[in-house]
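Enquirer: The structure is given below, and queries will be raised subsequently.
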Amino acid sequence: MRGLIVTGIGTDVGKTYVATVLAAGLGWPYWKPVQTGAPPDRETVSQYGVVSWPERYHLPLPAAPLVAAQEAGLSLSWEVLSAPPPAAPLVVEGAGGLFVPLTESHFLIDLFAVWALPLVLVVRPYLGAMNHTWLSIEAIQRRGLPFLGIVLNGTTGDVSERYFRQAFPLLGEIPWGPLKDPARVFVESGLAAALQAHLSLTSSSSSIRGGSNS
């Protein structure tokens, strides 16, 4: 298993926290290839004791990478972006949703297609999220990308959340509330059991921090 990619149905759905939970539970490094805005998300991830790799591009404007690069007078190189990830296995976090533009002719989903790592889709169950989730999954399926399932992040007990559990392959669920220890959440959310079943993790990968709390 060379790693997995954490993407989301949009911005501010909790991708960084879910990526931290996965990295802490699996014992894999974290990597966000393109970062816009400051401080970088890897600083947040590192606070939980997760090893992180530096970005290929870090742009100061908190915007889509293409826009942030243009504002900085730069042009992102597809050759640099699409080079193999720096390590394996690792947890890769995308920026925003699948169709965030990286260059004039490439979206984030194009980068994911090059790497062909299994995708985890983070969903926050806000009004409109059902549509955004279906559109994201349809795009993943049209590209023939490996898809593991969704992580329902920030649940509150709303009646609409039942739909997400029934309609989509659910890997785990993280309730709304104060952030907990990521390795503990890895187990309590159901992610540890789901990934054990889906990915046939080795004993060394499945017995890391998350496994010790089960």
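Enquirer: Only one residue in 82, 77, 105, 46 is surrounded by fewer than 22 Cβ atoms within 10 Å (Cβ to Cβ), touching a Leu at 6+ places or on another chain (Cβ under 7 Å), more than 20 Å from residue 198 (Cβ to Cβ) and small (Gly, Ala, Ser). Which one?
Expert: Only one candidate qualifies: 82.
Enquirer: Same structure, new question: Counting only residues that are among the aromatic types (Phe, Trp, Tyr) and surrounded by fewer than 19 Cβ atoms within 10 Å (Cβ to Cβ), which one in segment 108-132 is farthest from the chain's Cα centre (by Cα)?
Expert: 126
For (1) at pLDDT 95 or above; (2) under 20 Å from residue 122 (Cα atoms); (3) not in a loop (DSSP other than H, G, I, E, B), each residue gets a yes or a no:
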residue	(1), (2), (3)
18	yes, yes, yes
42	no, yes, yes
49	no, no, no
55	yes, no, no
67	yes, no, yes
70	yes, no, yes
86	no, no, no
95	no, yes, no
99	yes, yes, no
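Enquirer: Now for a different question. Write out, first by first residue and then by second, each pair whose Cβ atoms fall under 9 Å of each other, whose residues are 6+ apart or on separate chains, and whose first residue, in segment 67-91, is without any contact (Cβ under 8 Å) to a residue 24 or more places away in the chain while the second is exposed (fewer than 12 other Cβ atoms within 10 Å of the Cβ) and not aliphatic (A, V, I, L, M).
Expert: Partner pairs satisfying both residue conditions: 69/75.
Enquirer: Regarding segment 126-135, can at least one residue be identified that is over 20 Å from residue 45 (Cα atoms), in contact with a strand residue (DSSP E or B) (Cβ under 7 Å, 6 or more places away or on another chain) and in a loop (DSSP other than H, G, I, E, B)?
Expert: No; the residues of segment 126-135 include none that is over 20 Å from residue 45 (Cα atoms), in contact with a strand residue (DSSP E or B) (Cβ under 7 Å, 6 or more places away or on another chain) and in a loop (DSSP other than H, G, I, E, B).
Enquirer: Let me ask something else about it. Take residue 99 and decide whether it is out of contact with any His (no Cβ under 6 Å at 6 or more places or on another chain), aromatic (Phe, Trp, Tyr) and touching a residue at least 12 places away in the same chain (Cβ under 8 Å).
Expert: In short, yes.
Enquirer: Of all residues in segment 20-40, count the ones that are buried (at least 24 other Cβ atoms within 10 Å of the Cβ) and part of a loop (DSSP other than H, G, I, E, B).
Expert: Result for segment 20-40: 2.
The values are calculated or read from the model by the stated rules, or taken from the named source; none is laboratory data. Model, not experiment: these values are computed from the prediction. Note that each Cβ is placed from the backbone with ideal geometry, even for glycine, and that neighbours are counted across all protein chains shown.
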